[in-house]
Structures are given as structure tokens and as C-alpha cells.
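*Asks:* One structure is given below, represented as C-alpha cells, and several questions about it will come after.
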Amino acid sequence: MKSLLKASLGLLLICSGSNASATVIRYQAIDLADSVVGQDLWQYRYDVSGLPGSAVGFDVFFNLSEGYQAGDLSDPLAPNGDWTVVLLQPDPVLPDDGRFYAEIVAVSPVLPNLPDTYFSVNFVWPGTGAPGGQSFAIYDANFDILEAGRTRPFGEAIPEPAVPALLVAGLFGWQRFRARCGRSTP
């Protein structure tokens, strides 16, 4: 019993140390018609779910390390009047990554309804193939980071971080029940 308990607690510690967040930002990368010769124009379309109640905005980063340059981001779009969006271009001189920032402007203390709302931004893709996931951060009113993670493509299953912890808790409870009932484990 003690070995199962130790293994269960070890697995629980490993699972609880994951950096999974409740907020999910999904993306769709859409290849657009190129308007400038030699530039590969794309659009990210974002869908956001699970924002914490204290969130007032989020950033999606266009990292300098991926080759983005000043002027690569354009045409930001908010889903409705409850949001405002701002683009900060990548700046290799500072150096500073580019950002797509969306902020809630609704006066209501309740978060705006997000289902079927999309944020989008056009960008020049400096890489080859299709662009992938990006880093994001969720902020509160003091600009403290509430959560951070990576965007996920539409259609990708989102792992549930609580499932392993629930399995461990169930094993632990089952073992305690068997011990109280006087049954010995093999």
C-alpha cells in the first residue's frame, strides 16, 4: 500500500507542476494573396475561450527569433465593440517582439460573450511552410500576467490537466477504502 501511495503522490506532484492554463487561444493560419512581390502574406484568426474573470486583455506575440520585422503586422480586427485591439510592431533595435494586444473595453463587470467571436491580424510570414503556434499572455487590470501559454490550431484536442490528478486521487481513495474495509492488497 505504501508503494502505491508514494507512486500516486509522485504522479500527483508531476501533474500539478504542469503549466497548463484554463485559457485556450486557437488559431487558423490563412494564406492570403501576396500584395508585395517577395512577401508571403498570411492572416491569423484567433478564437479565445476560458478567460479568467479578472482578465482585461491578452497578448499574442510575434517573436523576433522567428524572423518577424517592423512593418510585418497589419489590419488588426476585433470581433465586436466590447474589444479594442492594438498592434505593436516587432522592433529589432530595442529588441522587442511584435504583439497583437486585445483589451476589453466593455463597462460591464462581466466578461463579454466570446463564443463565435474571432480576432484576426494580417502578417508577413518570414518562415517556410505554414506558420504555427505562438506564445500568449493573459493580463489583469494591473497588467500582471494571469496565465501564459501557446496558441493551438483549430481542431487540435485540448488536454485536460485535471485528469491525471483525478486518477491519482481516485487510486489513493480506492486504496484507503480497501484498507479501512480490512482487505489487504496483493
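The values are calculated or read from the model by the stated rules, or taken from the named source; none is laboratory data. Being a predicted model, the structure only gives us computed values, none of them experimental. All Cβ positions, glycine included, derive from the backbone under ideal geometry; neighbour counts span all protein chains shown. Ligands, DNA and RNA are stripped out before the accessible areas are found, and what is left, the full protein with its side chains, is counted by its heavy atoms. Shrake-Rupley method; radii C 1.70, N 1.55, O 1.52, S 1.80 Å.
*Asks:* Considering each residue of the range 34-66, count those that are part of a loop (DSSP other than H, G, I, E, B) and of a type in the set (Phe, Trp, Tyr), and give that number.
*Replies:* 0
*Asks:* Same structure again: Restricting attention to the range 72-94, which residues are of a type in the set (A, V, I, L, M) and outside any strand (DSSP E or B)?
*Replies:* Going residue by residue through the range 72-94, those that are of a type in the set (A, V, I, L, M) are 73, 77-78, 85-88, 93-94.
The answer is Ala78, Val93, Leu94.
*Asks:* Which ones in the range 131-157 are open to solvent by 50 Å² or more (accessible area, probe 1.4 Å) and either touching a Leu at 6+ places or on another chain (Cβ under 7 Å) or modelled with pLDDT under 65 (or both)?
*Replies:* none
*Asks:* Something else: Taking Gln69 as the residue in question, decide whether it is at pLDDT 95 or above and either among the polar types (S, T, N, Q) or part of a strand (DSSP E or B) (or both).
*Replies:* no
Listed here are the residues, each with its yes/no results for (1) more than 20 Å from Tyr27 (Cβ to Cβ); (2) touching a residue at least 40 places away in the same chain (Cβ under 8 Å); (3) in contact with a Lys or Arg (Cβ under 7 Å, 6 or more places away or on another chain); (4) not hydroxyl-bearing (Ser, Thr, Tyr).
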| residue | (1), (2), (3), (4) |
| --- | --- |
| Asp47 | no, yes, yes, yes |
| Gly53 | yes, yes, no, yes |
| Asp59 | no, yes, yes, yes |
| Pro76 | no, yes, no, yes |
| Gly81 | yes, no, no, yes |
| Ser135 | no, yes, yes, no |
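*Asks:* Look through Ala78, Ala70, Ala55 and report the one residue that is small (Gly, Ala, Ser) and over 19 Å from the mean Cα position of the chain (by Cα).
*Replies:* The unique qualifying residue is Ala70.
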